[in-house]
Amino acid sequence: MSTVADCVFCKIVAGEIPAEVLGRSDDAIAFRDLNPQAPFHVLVVPLDHHENAAESAAADPASLGRAVALADQVAKEAGNADYRMIVNTGAGAGQTVFHTHVHVLAGASGMTEAL
Ligand code: 5GP
Ligand code: ZN
């Protein structure tokens, strides 16, 4: 598994930075966003470090499918049958953490806010 020393999500994966974890799979972790933009705002993060979703897909095409499955699981466990998934790619699109992550948003405002 690849990790990057100064990557905040690699540090969360390694347990070096605390996070409120809602679920795990063999190759991904789901935790609450530090700065939630909706009543339910979780990040699903593949354990393996890649800069963005396209890079993760190139390295392991099924990894994003498994991330979607974990997103669905944690959203439904929290009572959210309906939710949005957002994946920012590139600084110009609002990406600030360059380790692949899927935003999972639910609750009234989660359906309308941009990210
Ligand atoms: P991006 O803008 O890259 O799509 O999303 C990065 C997200 O990571 C932001 O919503 C931000 O609030 C969240 N974030 C950044 N640092 C941390 C952290 O240390 N812990 C958690 N739980 N979320 C973080
Ligand atoms: Zn990383």
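For the range 64-76, a residue qualifies if it is surrounded by fewer than 19 Cβ atoms within 10 Å (Cβ to Cβ) and closer than 26 Å to E16 by Cβ, and the qualifying residues are R66, Q73. Taking residues in the range 45-69 that are free of Cβ contacts under 8 Å to residues at least 40 places away in the same chain, and partners anywhere that are surrounded by fewer than 19 Cβ atoms within 10 Å (Cβ to Cβ) and of a type in the set (A, V, I, L, M), the pairs with Cβ atoms closer than 6 Å and at least 6 places apart or on different chains are L64/A57.
Among the residues of the range 95-111, is there at least one that is at pLDDT 95 or above, within 16 Å of ligand 2 (Cβ to nearest atom), surrounded by fewer than 15 Cβ atoms within 10 Å (Cβ to Cβ) and more than 12 Å from the chain's Cα centre (by Cα)? The answer is yes; a qualifying residue exists.
Residue check: F40 meets all listed conditions (1) of a type outside the set (V, I, T); (2) more than 14 Å from ligand 1 (Cβ to nearest atom); (3) in contact (Cβ under 8 Å) with a residue 40 or more places away in the chain but one, namely (2). Residues of the range 36-64 that are touching a Phe, Trp or Tyr at 6+ places or on another chain (Cβ under 9 Å) and of a type in the set (D, E, K, R): E51 alone.
The values are calculated or read from the model by the stated rules, or taken from the named source; none is laboratory data. Nothing here was measured: the structure is a model prediction, and the numbers come from that model. Heads up, the Cβs are rebuilt from the backbone with ideal geometry, glycines too, and the neighbour counts pull from every protein chain shown.
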